[in-house]
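The values are calculated or read from the model by the stated rules, or taken from the named source; none is laboratory data. Values in this document were obtained by computation on a predicted structure and should not be read as measured data. Positions of Cβ are generated from backbone atoms using ideal geometry, with glycine treated the same way; all protein chains shown enter the neighbour counts. SASA here: full protein model, heavy atoms, side chains in, ligands and nucleic acids out. Shrake-Rupley method; radii C 1.70, N 1.55, O 1.52, S 1.80 Å.
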Amino acid sequence: MLLGLGLRLYGLDAQSLWYDEGFGVYLARMDVDEITARTAADIQPPLYYCLLHGWIRLFGDGERALRGLSALFGVLTVPLVYAVAWQLFHSRLAGLLAALLVAVSPLHVWYGQEVRMYTLLTFLCLLSSYFLLLAVKAEKTGSTVILWTAYTLANVASLYTHYFAFFVLAFQAVYVLLVWVARGGRP
């Protein structure tokens, strides 16, 4: 996590904001009601801009502060990818390698330094995948309701962040269908 944090903070304000970032900041400076109304007519859903709105109120609107929100979700993705890899492979080494690859990924570092929603989207899609893996493995108890609820909330948040989340949701549905078939039609 520290390596991922260092890479995302290094040169965080080295470049000035480009058009899409500036437009995002423009939206985030509006009231939440207006953000929602404007994004309804735009190509992106409102969640990221609403979060950025609150972030600006807490930390200001300097380039470093603005990009800090993406850096935060970029860094939080590192331990989350470890947890997902652990659920998939039951291997500490697989988890560490996956976390290391995300921590140093040039693409993930790049998007962790932009005032855009991509690291939030990645984080939320991984979070929903993590809850899905836990829910599918859990026995039918009260905890499965909590896990399926958390899975649903993470997916709703991801869909309110970027429409590409529909692709992740579709693949998750295929995964659930395959698990259901492998279990002989039992939940």
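Report, in order of residue number, the helices in the chain meeting two criteria: a C-alpha extent of 24 Å or more along the helix axis, and a mean Kyte-Doolittle hydropathy of at least -1.0; treat each whole DSSP H run as one helix.
On the way: long enough: 63-89 (39 Å, 1.12); 118-137 (29 Å, 1.75); 142-159 (26 Å, 1.11); 165-182 (26 Å, 2.35).
In the chain, the long hydrophobic H runs are 63-89, 118-137, 142-159, 165-182.
For the range 30-103, what is the relative contact order in percent, using Cα pairs closer than 8 Å and at least 6 residues apart in sequence? Before the final figure, lay out the partial values.
Numbers: 47 pairs, mean separation 14.2, N = 74.
Relative CO of the range 30-103 lands at 19 percent.
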### Query
When the solvent-accessible surface of protein heavy atoms is calculated with a 1.4 angstrom probe, in what order do Tyr163, Tyr10, Tyr82, Tyr151 fall, highest first?
Tyr10, Tyr163, Tyr82, Tyr151
#### Entry: Inter-label distance, nm, simple model (7 Å from Cα along the C-beta direction), Leu177/Glu34
4.5
### Task
Would you kindly compute the Cα radius of gyration of the range 74-114 and its largest Cα-Cα separation (Dmax), both in Å?
10.3, 33
### Query
Extent of the range 1-101 along each principal axis, from alpha carbon coordinates, in Å, largest to smallest?
47, 30, 23
## Note on the structure
Reported to the nearest 10 Å², Thr149 has, with a 1.4 Å probe, an accessible area equal to 70
### Task
Go from 0 up to the bin containing the longest alpha carbon distance in the chain, width 5 Å each, and give me the % of pairs per bin.
1, 8, 14, 17, 18, 15, 11, 8, 4, 2, 1, 0
